[in-house]
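Here the structure comes first, spelled out in structure tokens, and everything after it is commentary.
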Amino acid sequence: MAENSVTVTVAYGSTKHSITVTRQDGNEPALKDLSEALVQATGVPAPAQKLIFKGKSLKEMEESLSSFGIKQGCKLMMIGKRNSPEEESELKKLKDIEKSVEQTAKKLEKVDGELTGLKNGFLAKDLQAEALGKLDHRVKVASEQFMKILEQVDSMNHGECDPDTWALFLQGFLAQCDKIEAGISDHLAKIQSKNMALADS
């Protein structure tokens with residue numbers, strides 16, 4: 001049996017799970033590896049797990065299993081509850097929100113890239129004002145989307161999600177929106193003043 005693989009029996013409720021923990025990097029399996037394997041086997045999230053070995057509760061996630069005296073064939077006990085259906089739906093909401101943030105951030109990145117292109121003169125001058133108007137609209141849509149996400153986060157039960165962290169995270173994107181919007185109106189002003197100058201000459 002390789003050093004970096006160990007099979008233990010974990011009693012959870014009335015069921016016993018035979019769990020083989022393997023480390024890919026050649027190190028000994030750690031408690032967190034066992035915890036992750038138990039998430040898969042039982043559906044109990046790692047923070048809710050309480051692992052007990054020889055009457056002692058194990059907490060040091062980074063420690064190797066052998067440092068607790070856990071070796072091949074040992075028996076452990078786990079207490080912990082699966083997420084309730086409400087929490088499950090909150091987690092799903094959170095995943096949806098994360099996806100939404102990702103998509104909106106990508107759109108924003110695209111707008112930013114296109115704006116840089118315009119500033120570098122990738123588009124005929126007479127088409128730029130219209131293009132900038134469209135970009136401005138897209139930034140406003142992204143900005144609204146981030147505001148909506150912020151409201152969604154606020155309305156959640158914050159088991160898994162810290163509203164302050166999210167608010168900071170989203171505020172960063174909103175600041176980016178403002179920056180891009182400022183860049184757009186700045187560039188638009190430049191074009192318009194150039195056009196005015198051309199009209200006057």
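Using a probe of 1.4 angstrom and keeping all protein chains present, the accessible surface of the chain works out to 63 square angstrom per residue. With the simple spin-label model, which puts each label point 7 Å out from Cα in the Cβ direction, the residue 48 to residue 87 separation comes to 0.3 nm. Of the solvent-accessible surface of the chain, computed with a 1.4 Å probe and all protein chains present, 54% belongs to carbon and sulfur. Calculated mean residue ellipticity, 222 nm, the chain: -20500 deg cm²/dmol, from DSSP H runs (n ≥ 4) at -39500 (n - 2.57) each, averaged per residue and rounded to 500. Within the range 4-80, DSSP assigns beta bridges of which about 80% are antiparallel (rounded to the nearest 5). I'm spelling it out carefully: the read-out is volume of the Cα convex hull per residue in Å³, the candidates are [x] 133; [y] 156; [z] 120, and one was derived from this structure. Which label? Of the listed options [x] 133; [y] 156; [z] 120, [y] comes from this structure. Computed from the C-beta positions of residue 196 and residue 102, the FRET efficiency with R₀ = 25 Å rounds to 0.05. Using θ = phi - 60° in the Karplus curve 6.51 cos²θ - 1.76 cosθ + 1.60, the 3J(HN,Hα) couplings for the range 125-141 round to 3, 6, 9, 5, 4, 5, 4, 5, x, 5, 4, 4, 4, 5, 5, 4, 4 Hz; x is entered for Gly and Pro. Between the DSSP loop rule and a limit of at most 12 other Cβ atoms within 10 Å, which chymotrypsin sites (Phe, Trp or Tyr not before Pro) in the range 81-168 are left? Listed in order of number, the matching sites are 122. Say R0 is 30 Å: what FRET efficiency, to the nearest 0.05, do residue 110 and residue 162 get from their beta-carbon distance? The calculated FRET efficiency here is 0.55.
The values are calculated or read from the model by the stated rules, or taken from the named source; none is laboratory data. Because the structure is a prediction, the values reported are computed rather than measured. Every residue, glycine among them, receives a Cβ derived from its backbone with ideal geometry; neighbour counts consider all protein chains shown. SASA here: full protein model, heavy atoms, side chains in, ligands and nucleic acids out. Shrake-Rupley method; radii C 1.70, N 1.55, O 1.52, S 1.80 Å.
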